[in-house]
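A short write-up of the structure that comes next.
Laboratory data are not the source of any read-out in this text; all were calculated from the coordinates shown. Just so we're clear, the structure is a prediction, and the values are computed from it rather than from any experiment. Methodologically, a virtual Cβ is constructed for each residue, glycine included, from the backbone with ideal geometry; neighbour enumeration extends over all protein chains shown.
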Amino acid sequence: MRRSLLLLSILLGAPLAAADSEPDAWWPQWRGPLGTGAAPAADPPTRWSESENLRWKIALPGRGHASPVIWGDRIYLTTAVAAEDGAVAAETEPGRRRRGIAVGGPVRFVVMALDRTTGETVWQRTAREQTPHEGTHQDGSWASASAVTDGARVFAHFGSRGLYAYSAGGDKLWEKDLGDMATRNGFGEGASPALFGETLVVNWDHEGDSFIVALDAGSGRELWRRERDEVTSWSTPLVVAAGGRPQVVVAATGRTRSYDLESGATLWESAGMTTNTIPSPVYDDGLVFVTSGFRGNSLQAIRVAAARGDISDSESIVWAHDRDTPYVPSPVLYDGILYVLKHNSGILTAFDAATGKIHYGPERLPGIGGAYASPVAAGDRIYVAGRDGTTLVLAAGPEFKVIAENRLDDGFDASPALAGKDLLLRGRGHLYCLTEQP
């Protein structure tokens, strides 16, 4: 693996330092190196402000809720930049609640590479410029899917505006148009792609013909595609190496399903999620955890190695919970404890991952009025970023303990990213790099 990454780095212009390091040291995808929201090699600061432990702060163009991804000295992120004449405007209808952002003109869909040390732009590419065919949620954006990188390549997914592969040096390698989504209530798109080896997986759940597709990461060639009897869901697929063969787990409104990564064959499925499934699954020690929390509450712990067929009422579901589960934020799984926010609020519950026993919660988090960002973990700490600019740092473990409450001038809907000593927070207007200053 490391030799292949080194070769790709030389051919495609990736930072050599990244290719010669363990991937777990970075934050290469949505939900981090393990797909759990945890960064085992990171040790970010516990306290910061606009003047303390701030390595740099830069203004970002456009609007996007995609989390940054990190490999070596590079940061990659996506954004949607409206035309100067004002491509988007708040949608209002007489007598009705404002629900979304209307289409008003062309938007540039942009991929950026930043220098991790300085925050300076290394390269910036417009993947496509066009007028979106539908609006998006009033709190959302047209660039909500996080990129994924293996250090040599970066894959940027703009949903209906295409999937793009770039070299680490900014050269476009290929692009793929999968069609146009029709999302529920025009709430927009947001599921990120998943990368495992040389296979890239994209979930395409919407109000039309839904499907899941696997692509060759090197060429964009379609490897397999499976139809899905699903409505709009926003959950990112999770590839789990369990049961002897890698499998793709996708949580959704109708059913949670698992597909064989190589063939696309359905391995198992389970009912139990709620409408508008958004949180991504997490996995550790043989169990995959799926959650949802709109118009109901659902959390299932599924033992995946031997799961086959319909497991809805089987022993493969080790434990379940039906209260205080998340609507938008994904859970974080760290050292045998599953941390789950209630709906989109600052209320946290910590479960023993193996048994479902509640260590604490639901516990109201001071300073966190609302949260879309998913919690992250590193260095025996849990980080919860709130929409109003407050990030709470908690002690990881079975007892509830607040270590610090930090506030910045921006608000945070994108989830944090961690690598080394750095904590990256993408606000509505700025990207912050926070690190312990000597």
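At a 10 angstrom cut-off on C-beta neighbours, averaged per residue, how do the peptides 172-182, 254-264 rank from highest to lowest? Walk me through the numbers before you get to the answer.
On the way: 172-182: 15.0, 254-264: 19.8.
Put in order of decreasing packing, that is 254-264, 172-182.
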Next item on the list: From zero up to wherever the largest Cα-Cα distance of the chain sits, split into 20 Å bins and tell me the percent of pairs in each.
Entry: 28, 62, 10, 0
Margin query: So for the chain, averaging the separation of alpha carbon pairs under 8 Å that are six or more residues apart and normalising by length, what relative contact order in percent results?
Written below: 15
Check: Once amide H atoms are placed 1.01 Å from N in the peptide plane, what residues at a sequence separation of 5 or more from VAL304, or on another chain, have their amide H within under 5 Å of its amide H?
Finding: VAL288
Check: Taking Cα centroids, how far is the stretch 377-438 from the stretch 310-368 in Å?
Finding: 20
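Are there trypsin sites (Lys or Arg not before Pro) in the stretch 209-243 that DSSP marks as loop and that have at most 15 other Cβ atoms within 10 Å, and which are they? Don't jump to the answer; show the numbers that get you there.
On the way: sites: ARG221, ARG225, ARG226, ARG228; in loops: ARG221.
Those that pass, being in a loop and sparsely packed, are ARG221.
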Item checked: Projected label distance in nm at ASP310 and ARG323, using a 7 Å step from Cα toward the beta-carbon -> 3.0
Next item on the list: Could you pull out every residue, at least 5 positions away or on a different chain, whose amide H is within less than 5 Å of the one on TRP224? Hs are placed 1.01 Å off N in the peptide plane, and Pro or chain starts have none.
Entry: ALA214
Next item on the list: Measure off 7 Å from each Cα along the Cα-to-Cβ vector at ASP380 and SER219, then give the distance between these two points in nanometres to one decimal.
Entry: 5.1
Note to self: Less than 13 Å apart at the alpha-carbon level, and either on another chain or at least 8 residues along: which aspartates and glutamates does that give for LYS176?
What the structure shows: ASP216, GLU222
Next item on the list: Would you mind calculating the gained length between GLU436 and LEU173 on full extension (0.36 nm times residue separation, minus the Cα-Cα distance), in nm to one decimal?
Entry: 91.0 nm
Note to self: Explain nothing, just the number: relative contact order of the stretch 302-425, from Cα pairs under 8 Å at least 6 residues apart, as a whole percent.
What the structure shows: 16
Check: Taking the simple approach of a point 7 Å from Cα along Cα-to-Cβ for both ILE58 and ALA271, what is their distance in nm?
Finding: 5.0
Margin query: Placing +1 on the Cβ of each Lys and Arg and -1 on the Cβ of each Asp and Glu in the stretch 147-251, which of ALA242, VAL213, ALA165 has its Cα farthest towards the positive end of the resulting dipole?
Written below: ALA242
Notebook entry, point to check: Across the stretch 290-305, in residue order, what do the Karplus-derived ³J(HN,Hα) couplings come to in whole Hz, using 6.51 cos²θ - 1.76 cosθ + 1.60 with θ = phi - 60° and x for Gly and Pro?
Noted result: 10, 9, 7, x, 10, 6, x, 9, 8, 9, 10, 9, 10, 7, 8, 4
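Can you compute the helix-only [θ] at 222 nm over the chain? Use -39500 (n - 2.57) per DSSP H run of at least 4 residues, normalise by all residues, nearest 500 deg cm²/dmol. Mind showing how you got there, number by number?
Values: 2 runs with 15 residues, N = 438.
It lands at -1000 deg cm²/dmol.
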Notebook entry, point to check: From the backbone phi of the stretch 426-431, what are the Karplus-calculated ³J(HN,Hα) couplings (6.51 cos²θ - 1.76 cosθ + 1.60, θ = phi - 60°) in whole Hz, Gly and Pro given as x?
Noted result: 9, x, 6, x, 9, 10
Check: Calculated FRET efficiency, VAL402 and GLU227, Cβ-Cβ r, R0 56 Å, to nearest 0.05?
Finding: 0.75
Next item on the list: Using the number of other C-beta atoms within 10 angstrom as an exposure proxy, rank TRP268, TRP27 with the fewest first.
Entry: TRP268, TRP27
Check: Going out from 0 in 5 Å bins, what whole percent of all Cα-Cα distances in the stretch 139-296 drops into each bin?
Finding: 2, 9, 19, 23, 21, 15, 8, 2, 0, 0
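Can you give the FRET efficiency for ASP260 and ARG128, using 1/(1 + (r/R0)^6), R0 = 35 Å, r = Cβ-Cβ distance, to the nearest 0.05? Let's see the in-between values first.
On the way: r = 32 Å, r/R0 = 0.92.
About 0.60, to the nearest 0.05.
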Next item on the list: Take the Cα gyration tensor of the stretch 312-414, multiply each eigenvalue by 5, square-root it, and list the three semi-axes largest first, rounded to whole angstrom.
Entry: 24, 15, 11
Check: Counting Lys and Arg as +1 and Asp and Glu as -1, each charge on the Cβ, what is the dipole of the chain about the Cα centre in debye, to the nearest 20?
Finding: 320
Next item on the list: Enumerate the aspartates and glutamates that LYS342 could reach by cross-link, defined here as Cα to Cα under 19 Å, with residues fewer than 8 away along the same chain left out.
Entry: ASP139, ASP322, ASP324, ASP352, GLU363, ASP388, GLU399, ASP413
Check: Under a 5 Å amide H to amide H cut-off, with H placed in plane at 1.01 Å, what residues pair with TRP174 once short-range neighbours are removed?
Finding: ALA165
